[in-house]
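Notes for the one structure printed next.
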């Protein structure tokens with residue numbers, strides 16, 4: 001999502017989910033936080049590294 005500038009809903013559909021809430025639940029289960037929060041942290045890390 002970060003590399004392509006995609007949001008959670010477009011990423012969900014791109015990988016085959018028909019339901020954004022289901023994608024968000026599965027993402028949180030797998031990575032420990034929702035995709036929106038994960039993206040904020042990743043963007044912050046990129047800005048701090050630049």
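Read-outs: derived from the displayed coordinates by stated rules, not from any lab. In this text the structure is predicted, and so the values were computed from the model without any measurement. Reconstructed Cβ throughout: ideal geometry from the backbone, glycine too, with neighbour counts over all protein chains shown.
Can you classify the chain as rounded, prolate or oblate using the Cα gyration tensor, where a ≥ b ≥ c are the square roots of its eigenvalues, rounded means a/c under 1.5, and otherwise it's prolate if a/b beats b/c and oblate if not?
oblate
Ranked by Cβ crowding within 10 angstrom, fewest neighbours first, how are 36, 15, 20 ordered?
Values: 36 12, 15 9, 20 16.
With the sparsest Cβ surroundings first, the list reads 15, 36, 20.
Give me the angle, in degrees from 0 to 90, between the Cα long axis of helix 20-31 and the longest principal axis of the Cα atoms of the chain, rounded to the nearest 10.
60 degrees
Among 23, 13, what is the fewest-to-most ranking by other Cβ atoms within 10 Å?
Sorted ascending by nearby Cβ count, the order is 13, 23.
Restricting to DSSP H runs of at least four residues, report the calculated mean residue ellipticity at 222 nm for the chain, -39500 (n - 2.57) per run over all residues, nearest 500 deg cm²/dmol.
-21000 deg cm²/dmol
Taking the chain as the reference, fit the longest principal axis to its C-alpha atoms, fit the long axis of helix 35-49 to the helix C-alpha atoms, and give the angle between the two in degrees, 0 to 90, nearest 10.
20 degrees
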